[in-house]
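Scroll down for the structure; my scribbles are underneath it.
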Amino acid sequence: MSHSLRDPSPRGFAAARDEGLRAFFVATYARMGMALAVSAATALIVASSPATLGAIYGTPLRWVVMLAPLGMALFIGPAMARSTPAGATGWLLAFAAVMGVTLSSLLVIYTGESVTRALLVTACAFGGASLYGYTTGADLSRAGGLLAMAVIGLVVAGLVNIFLRSTGLQFALSAFAVLVFTGLAAWDTQRLRLIYLSGGATEQAAAYGALTLYLDVVNIFVALLGLTGERR
């Protein structure tokens, strides 16, 4: 992720910095794209196999599948930081595969039209938020801290609602989640930009940045399905 300064002038330094920043984000978005592709492929494979669906969701194994991504999220960051560049990307893709198994149930519950519509809206929401985070001169750190706290509240409320099964609460959580994770997409993008400018643009940082953006995308998508999805 390093770059050479061919022109020692301030203008040359700025041009090299901008080129390096773009390269860092290209590497980050490429990893995010790979993770999304792995999740989509895994979800499609599981959803297309009635035997696999029955083995997972017809047994207590469904609790493992539902909670596994949350458990992995607790240690994957430090594991990626200690890994080689290839190892960090491997952790990302392994997490994406586990998440794909969890997401497979959505392909069974919701119609194909609903899934496609949610994907399109997610792409627009994430793209706009990430572009804003990349270009804005406003400091989003304070808002980001509040949004991170909101995520904890969403997780706790979501776990509680697994047992309550309140459709009203689920709808409210989905609406709130769309706002929270769209805001986090902007904050995470700005944070990655600051990481690069502070000299921390390693391959591991790109992989971890891809993980944070991947989670923003997935959570926006799931929340939108909860809001607008039509069940089969």
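Things to note:
- Euclidean distance of C-alpha centroids, the range 26-68 and the range 84-128, integer Å: 8 Å
- What the Cβ-Cβ distance of residue 172 and residue 18 gives, at R0 = 41 Å and to the nearest 0.05, is a FRET efficiency of 0.45.
- Cα-based helix-to-principal-axis angle, 61-82 vs the chain, degrees rounded to 10: 10 degrees
- Using θ = phi - 60° and Karplus 6.51 cos²θ - 1.76 cosθ + 1.60, couplings along the range 22-38 (whole Hz; Gly, Pro as x): 4, 5, 4, 6, 4, 5, 5, 5, 5, 5, 4, x, 4, 5, 5, 5, 5
- Protection proxy ranking, peptides 161-173, 178-190, 216-228, average beta carbon neighbours within 10 Å, highest first: 178-190, 216-228, 161-173
- Under 5 Å, built H, 5+ apart or other chain: amide partners of residue 230: 111, 114
- Each Lys and Arg contributes +1 and each Asp and Glu -1, all at the Cβ; summed about the Cα centre of the chain, the dipole is approximately 140 debye.
- Cα-based convex hull volume of the range 113-152 per residue, rounded to whole Å³: 65 Å³
- Computed FRET value (nearest 0.05) for residue 49 with residue 94, which takes r as the C-beta separation and R₀ as 25 Å: 0.75
Each reported figure results from applying straightforward, stated rules to the coordinates on display, with no laboratory input. Note that this is a predicted model, so its numbers are computed, not measured. Neighbour counts run over all protein chains shown; Cβ positions are idealised from the backbone, glycine included.
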